[in-house]
Amino acid sequence: MKELNITTKIKVCGYDELTPEQKILTDQAKEATFRAYAPYSEFYVGAAAELANGEIVSGNNQENAAYPSGLCAERVTLFFANSKYPDVAVKRLAIAARTNGDFVQECVAPCGACRQVILETEDRGQEKMEILLCGKDQVYIVDSIKDLLPLYFSKNELLG
Ligand code: THU
């Protein structure tokens, strides 16, 4: 029997260690939490995407009384970016969350469905998408969604 070990490189940074571009994007993700519609979970998530054309788009989670009809902040943001600029890569994505009146302590981790959508967006753009997962005092940074979703399913599986 062979064993396959998968390693993930995550940079752990304080806010002060971020580049100006990273700071702007994390600020926008945090700001977007204040516009989230999350009356049921009261867990307010924001995301901000920096596009290859220099534009930044942000979004947040949108809940619904029929719970499964809601959508996570990451997918709201990326679907909007992809619908507005279908041919523009997303270079960087920041995610932040707030609950009980404060930003969450732990760096926020995207759900599995969002990881899958982030992966397809990265593949569409044909360049790595840096992802910043914000916590209250620190930020986890990965160079690509493939660090968060190894052994991923992609269109290559369908096309053979
Ligand atoms: N949520 C997100 O927006 N992003 C995630 O990655 C995880 C969860 C939202 C969905 C729901 O509105 C609330 O957080 C609680 O799960």
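The values are calculated or read from the model by the stated rules, or taken from the named source; none is laboratory data. In this text, all values refer to a predicted model and were calculated from it rather than measured experimentally. Because the Cβ atoms are built from the backbone with ideal geometry, glycine has one as well, and the counts that use them run over all protein chains shown.
Scanning the range 97-113 for residues that are free of Cβ contacts under 8 Å to residues at least 60 places away in the same chain and not in a loop (DSSP other than H, G, I, E, B) yields THR99, ASP102, GLY112, ALA113. From the list LYS30, LYS2, LYS23, the lone residue that is more than 18 Å from the chain's Cα centre (by Cα), basic (Lys, Arg) and not in a strand (DSSP E or B) is LYS2. Can you spot a residue in the range 51-74 that is assigned to a helix (DSSP H, G or I), within 13 Å of the ligand (Cβ to nearest atom) and closer than 19 Å to LEU119 by Cβ? Scanning the range 51-74, I find at least one residue that is assigned to a helix (DSSP H, G or I), within 13 Å of the ligand (Cβ to nearest atom) and closer than 19 Å to LEU119 by Cβ, so the answer is yes. Is it the case, given these coordinates, that ALA94 is small (Gly, Ala, Ser), in a strand (DSSP E or B), at pLDDT 95 or above and touching a Pro at 6+ places or on another chain (Cβ under 9 Å)? For ALA94, the condition - small (Gly, Ala, Ser), in a strand (DSSP E or B), at pLDDT 95 or above and touching a Pro at 6+ places or on another chain (Cβ under 9 Å) - is not met. In this entry, GLU127 passes the filter for residues that are out of contact with any strand residue (DSSP E or B) (no Cβ under 6 Å at 6 or more places or on another chain), surrounded by fewer than 16 Cβ atoms within 10 Å (Cβ to Cβ), touching a residue at least 40 places away in the same chain (Cβ under 8 Å) and charged (D, E, K, R). Counting the residues of the range 33-50 that are hydrophobic (A, V, I, L, M, F, W, C) and in a loop (DSSP other than H, G, I, E, B) gives 3. Filtering the range 89-109 for residues that are over 22 Å from ASP27 (Cβ atoms) and more than 11 Å from the ligand (Cβ to nearest atom) leaves an empty set. Candidates ALA47, ALA52, ALA38, ALA32: the one that is in contact (Cβ under 8 Å) with a residue 40 or more places away in the chain, out of contact with any Pro (no Cβ under 9 Å at 6 or more places or on another chain) and either crowded, with 18+ Cβ neighbours inside 10 Å or within 13 Å of ALA96 (Cα to Cα) (or both) is ALA32. Counting residues in the range 141-155 that are in a strand (DSSP E or B), of a type in the set (Asp, Glu) and touching a strand residue (DSSP E or B) at 6+ places or on another chain (Cβ under 8 Å) gives zero.
Of all the listed residues (ALA36, ALA81, ALA48), the sole one being under 20 Å from ILE145 (Cβ atoms) and within 14 Å of the ligand (Cβ to nearest atom) is ALA48. Would you confirm whether any residue within the range 75-95 is in contact (Cβ under 8 Å) with a residue 60 or more places away in the chain and more than 24 Å from PHE153 (Cβ to Cβ)? Yes.
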